[in-house]
Amino acid sequence: MTELVDRIVARKAKIVVIGQGYVGLPLAVRASEVGFSVTGFDLDAGKVSSLCAGVSYVGDVTDERLGRALASGFNPTADPSDLSGFDIAVISVPTPLVEGRPDLSFIEAAGLVLATHLRPGACVVLESTTYPGTTEELLAPLLEKNAGLTRADYFLGYSPERVDPGNARFSFEVTPKVVSGDRAESLAVIAEFFSLLVSEVVPVATCAEAEMTKLLENTFRHVNIALVNELARYAFELDIDVWRVIDAAATKPFGFMRFEPGPGVGGHCLPIDPTYLAWKVREHLGYSFRFVELANDVNDHMPEYVVGRLTHMLNEESRSVKGSRIVLLGLAYKAGTGDWRESPSAKIANQLSDLGALVSICDPHVDPSRSGDYASLLVPFSEASLRDSDLVVLLVGHPEFDPELIASNASLILDTRNILRGVEFTGEVL
Ligand SMILES: NC(=O)c1ccc[n+]([C@@H]2O[C@H](COP(=O)([O-])OP(=O)(O)OC[C@H]3O[C@@H](n4cnc5c(N)ncnc54)[C@H](O)[C@@H]3O)[C@@H](O)[C@H]2O)c1
């Protein structure tokens, strides 16, 4: 056993988590809960002061949990000198696309700040979603050059995150975590650390396998959502209820997995991660990853399709989109979260506003102070908001969106999530 494994088992290892967002904050709080000394580093001073004040902006971490972590020494900070003396650093920074290409500048910046404090015998784990090869081909040389170390001096690995914001059943702690290392000793350190945080760790042979595992998981979801989205469009034209078709197919006890149509995909994962994989395949092999490109095409066009359906519904009422009062239920990209990054609701709101509609949005999960340009459109979810509309569009299945209340107060509804199933209402289902 290495000395670091001993320190981990004894909870003596100093943990730092770079990036205190949807992924990094729950990890930091969990590590604190199991007894580690944890520093949560983020460049966003506003986030750090909110955390220091005990106010969490991540739904899966309650203020109570955060308060307990702070009381036991959790240290949110924007000061890089607080990283000194770390034993294990986990990097959970964004990996966006810029003009359709992976942007690894956040990982590079995190690597640079860590290199200053990387000592022999310490460990660095990349957790951000990225294309296969990033850990060993990009992060490792950057760490080694700037820390003046060789690979044998420290431990390195990759462990993807599977956090599903708002999922009450599969929290971070009970979701198996894939782990990898650049060599057996690194894997042993990283597996030992994460086994104290989650119920099960799943070791894989190489960092690239772990990196690709994450991309397979998200590409699988992306492609299957595109399949049902395209099916929903054709089923509507054929006058077949796609939801009843999916219900029936889902009774097959093997070989079928349920996916549901919707207004498009959002969040930090599905609209972005498959393109990381497609980029790697194109860049290194020269092939196009056709499944990913097709799924992108189908899912990207869903907001436009929803706007088309709304336009048609209003037309049937002898109304135009221009001047109609349209209430969107949900700005977040999925139920139970306030995260509206890449949200199809935002695209639909923009398209409707461009057409001259009077758009308002109800979303009890979105903090108005973190809703950017949409703050002025947010209204409470209430009978009055529903009544004061020509058309209500159900975009997100938040539990607060009471089907009876919506059906009895809205004059015309497009339900893109089949939330009103079993309730009588005037309107259509996607
Ligand atoms: N959100 C999810 O559901 C989810 C799930 C699985 C994987 N991921 C992946 O995890 C990674 C992080 O995603 P997220 O949703 O937590 O992002 P996020 O934007 O919520 O959080 C990232 C944080 O990193 C901070 N940051 C950026 N550069 C930094 C730096 N150099 N030093 C310190 N802090 C820095 C930002 O200020 C931000 O607070 C991404 O690669 C994402 O694809 C996200």
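A few points about this structure:
- Along the axis of the charge dipole computed for the chain (Cβ charges of +1 for Lys and Arg, -1 for Asp and Glu, origin at the Cα centre), the listed residues Phe425, Phe36, Asn75 are led at the positive end by Phe36.
- Relative contact order for region 210-369: 23 percent, from Cα pairs under 8 Å spaced at least 6 residues apart, divided by residue count.
- Which listed pairs, of Lys14/Lys334; Lys12/Lys280; Lys252/Lys334, have C-alpha distances above 32 Å, in listed order: Lys14/Lys334; Lys12/Lys280
- Region 118-191 and region 17-83: distance between their alpha carbon centers, rounded to Å: 19
- Surface/4 of the Cα convex hull for region 326-374, nm²: 3.1
- The residues of the chain present an accessible area of 44 Å² per residue when probed at 1.4 Å with all protein chains retained.
- For the chain, the antiparallel share of DSSP beta bridges with both residues in that region comes to about 10%.
- DSSP beta bridges in region 6-164 [antiparallel fraction, %, rounded to 5]: 10
- Normalised by the number of residues in the chain, the mean separation of alpha-carbon contacts (under 8 Å, six or more apart) gives a relative contact order of 10 percent.
- Figure note: Tyr154, Tyr287 ranked by solvent-accessible area, largest first, 1.4 Å probe, ligands and nucleic acids not counted: Tyr287, Tyr154.
- Heavy-atom accessible area order for His312, His117, largest first, 1.4 Å probe: His312, His117
- Residues whose placed amide H lies under 5 Å from that of Ser37, excluding near-sequence neighbours: Ile15
- Take the Kirkwood radius over Cα pairs of region 229-274, plug it into Stokes-Einstein at 10 °C and 1.306 mPa s, and you get 130 µm²/s for translational diffusion.
- Rounded to the nearest 20 debye, dipole of region 297-418 from Cβ charges on Lys, Arg, Asp, Glu: 160
- Expressed in units of 2.2 N^0.38 Å, where N is the residue count, the Cα radius of gyration of region 205-302 is 1.21.
- Convex hull volume of region 260-309 per residue (C-alpha atoms, cubic angstrom): 75
- Positive-end residue of Ser324, Ser345, Leu355, charge dipole of region 286-423 with Cβ unit charges: Leu355
- When you filter the GluC sites (Glu not before Pro) in region 167-222 for DSSP loop state and at most 14 other Cβ atoms inside 10 Å of their Cβ, you are left with Glu200.
- The rule of thumb for compact globular proteins, 2.2 N^0.38 Å, goes into the C-alpha radius of gyration of region 330-430 1.00 times.
- Relative to the current alpha-carbon distance between Ala248 and Phe220, full extension at 0.36 nm per residue lengthens the span by 7.9 nm.
- Whole-percent pair-distance distribution, where bins are 10 Å wide, for the alpha carbons of region 61-137: 16, 39, 32, 13, 0
- Taking the centroid of alpha carbons for each part, region 377-395 and region 247-296 are 32 Å apart.
- When Phe194, Phe220 are compared by accessible surface with a 1.4 Å probe, the order from highest to lowest is Phe220, Phe194.
- For region 137-221, the share of alpha carbon pairs falling in successive 5 Å distance bins from zero is 3, 15, 21, 21, 19, 12, 7, 3, 1 percent.
- Per-residue SASA remark: Phe172, around 20 Å² accessible (1.4 Å probe; ligands, DNA and RNA not included).
- Net +/- balance of residues flanking Ser382 in space, Cβ distance below 15 Å, scoring K and R +1, D and E -1: -4
- Gap separating the Cα centres of region 198-236 and region 331-362, nearest whole Å: 25
- Apportionment of accessible area to carbon and sulfur, the chain, percent (1.4 Å): 54
- Calculated log₁₀ intensity ratio I(q)/I(0) where the Debye formula runs over C-alpha points of region 268-372, q = 0.17, 0.20 Å⁻¹: -0.87, -1.02
- Karplus-based coupling profile of region 368-383, in residue order and whole Hz: x, 6, 10, 10, x, 5, 8, 3, 6, 8, 6, 10, x, 7, 8, 4, with θ = phi - 60° in 6.51 cos²θ - 1.76 cosθ + 1.60 and x standing for Gly or Pro.
- Database remark: amide H of Tyr158 closer than 5 angstrom to the amide H of Leu126, Ser180, Gly181 (H placed geometrically; neighbours at sequence offset of 5 or more, or on other chains; Pro and chain starts carry no H).
- Note that region 246-258 has calculated 3J(HN,Hα) couplings of 5, 4, 5, 4, 6, 7, 5, x, 8, x, 9, 10, 6 Hz, one per residue in order, obtained from phi through the Karplus relation 6.51 cos²θ - 1.76 cosθ + 1.60 (θ = phi - 60°); glycine and proline are x.
- Translational diffusion coefficient of the chain (Stokes-Einstein, Kirkwood radius from Cα pairs, 10 °C, 1.306 mPa s): 68 µm²/s.
The values are calculated or read from the model by the stated rules, or taken from the named source; none is laboratory data. On a predicted model such as this, the values are computed, not experimentally measured, just so you know. Every residue, glycine as well, gets a Cβ built from its backbone with ideal geometry; the counts of neighbours run over all protein chains shown. The protein model used for the area step is the full one, side chains on, heavy atoms only, and it has no ligands, DNA or RNA in it. Shrake-Rupley method; radii C 1.70, N 1.55, O 1.52, S 1.80 Å.
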